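The values are calculated or read from the model by the stated rules, or taken from the named source; none is laboratory data. Note that the structure is predicted; figures quoted are calculated from it, not measured. Because the Cβ atoms are built from the backbone with ideal geometry, glycine has one as well, and the counts that use them run over all protein chains shown.
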Amino acid sequence: MGETIVKVENLTKRYGKQSIAVDHLNMNVRKGEVYGFLGPNGAGKTTTLRMLLGLTRPTSGTGEVLGKPLGSSDGLAKVGGLIEYPAFYPYLSGRKNLIIMAKYSGTPLSRVDVVLEEVEMTKSAKYNFKSYSLGMKQRIGIAAALLKDPELLVLDEPTNGLDPKGMAEIRSLIRKLSKEGRTVLLSSHFLGEVEQICDRIGVIQNGKLVKEGTVEDLRGQVKLFIRATPAESALRVLKGMKDIDDVQEKDGAFYVTTDPSLSGSISHKLAENKIEVSELRNLERSLEDIFIELTESETLLHKKEVL
Ligand SMILES: Nc1ncnc2c1ncn2[C@@H]1O[C@H](COP(=O)(O)OP(=O)(O)OP(=O)(O)O)[C@@H](O)[C@H]1O
Ligand SMILES: [Mg+2]
């Protein structure tokens, strides 16, 4: 991992004079990772992915995909994409649909059975597309994106509309494809999802990338939640410990900012001072909390600009 295979700088897409869908976006996707592009409805996820796949032209900005300029056919030869709901012939089988696509794109027909196997649809490939569950339709969509044996797979909200079981199946399929050595760039507005499958995450809001990093980077520092008596002595001891960055007291409990691996020594220190600890646990901020924080600050900024 490390080599950058998608790199965009100041990527911008305007629709008309007023509407800006993607606003000077910078992002990097590294080879071998699963990158999650996370943002609420209308944030600019689909527009960005469409620009990466050469389906729409940027208004301004530059980019490279697999070392080739954005939108060039050389770069796109090794990129497979599934954007929004895929169009298939409902009264043809999954296999027949893929055969038509392979013929149309000049892909060897031998790839059809390979990709059906990859998405675990070999047994159901003979049935009409119309009869498939949403999860199966999505698998056929991913199979289509895999036909040209891409190095980079771009999936726009791959679990959208699926039930929890269907979502879990698609997530495990994405993990498998990643283990096989493909780089995956997926979009989602579902935090729990990106947290589970992505190595790195880019958060997009109002067309701008507001944060990029690993799940851990985004979570930031971890807090410990401690209940101990007597509270006054506990506060004094905690404040006196050099590894503790911050202590807040609220409703008789303490919120301590520190390295979570120090919880053992904190508990020990409190006990040494005859303080009884009734509760001590990690209090991680969920990605949801972080997302709300990030997007709220962005919304505030936006409001200020408007004012
Ligand atoms: N063809 C278009 N013409 C005009 N405006 C557009 C067009 N496509 C997208 N937009 C606008 O650009 C913005 C970003 O849309 P985009 O579809 O990229 O968001 P998204 O993050 O994919 O949202 P969602 O989660 O709903 O799929 C929205 O305000 C949308 O209305
Ligand atoms: Mg979208």
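Kindly list, by first and then second residue, each pair from a residue in the stretch 137-164 that is on the phi > 0 side of the Ramachandran plot to a residue that is surrounded by 21 or more Cβ atoms within 10 Å (Cβ to Cβ) and modelled with pLDDT of 95 or more, limited to pairs with Cβ atoms under 6 Å and residues at least 6 apart or on different chains.
Partner pairs satisfying both residue conditions: GLU157/SER187.
Determine which member of the set GLU195, GLU212 is touching a helix residue (DSSP H, G or I) at 6+ places or on another chain (Cβ under 8 Å), surrounded by fewer than 19 Cβ atoms within 10 Å (Cβ to Cβ) and acidic (Asp, Glu).
Criteria check complete, one pass: GLU195.
Would you say GLY213 is touching a residue at least 12 places away in the same chain (Cβ under 8 Å) and out of contact with any Leu (no Cβ under 8 Å at 6 or more places or on another chain)?
So GLY213 passes the test.
What number of residues in the stretch 13-63 are assigned to a loop (DSSP other than H, G, I, E, B), basic (Lys, Arg) and either more than 27 Å from GLY181 (Cβ to Cβ) or under 14 Å from the mean Cα position of the chain (by Cα) (or both)?
2
Go through the stretch 12-37 residue by residue and tally those that are within 16 Å of ligand 1 (Cβ to nearest atom) and farther than 19 Å from LEU155 by Cβ.
Within the stretch 12-37, residues that are within 16 Å of ligand 1 (Cβ to nearest atom) and farther than 19 Å from LEU155 by Cβ number 12.
Could you look through the stretch 142-185, keep only residues that are in a helix (DSSP H, G or I) and among the charged types (D, E, K, R), and pick out the one that is farthest from ligand 2 (Cβ to nearest atom)?
Among those residues, the one meeting the criterion is LYS179.
Look at LEU224 and say whether it is without any contact (Cβ under 8 Å) to a residue 60 or more places away in the chain, away from ligand 1 (no atom under 16 Å from the Cβ) and under 30 Å from LYS269 (Cα atoms).
Yes: the conditions hold for LEU224.
Evaluate the following for ARG139: is it assigned to a helix (DSSP H, G or I) and closer than 18 Å to GLU33 by Cβ?
no
Can you pull out the residues in the stretch 44-61 that are more than 16 Å from ligand 2 (Cβ to nearest atom) and either of a type outside the set (Val, Ile, Thr) or at pLDDT below 95 (or both)?
Passing the criteria: GLY54, ARG57, PRO58, SER60, GLY61.
Hey, can you tell me all the residues within the stretch 229-248 that are more than 37 Å from the chain's Cα centre (by Cα), farther than 12 Å from LYS269 by Cα and not in a helix (DSSP H, G or I)?
THR229, PRO230
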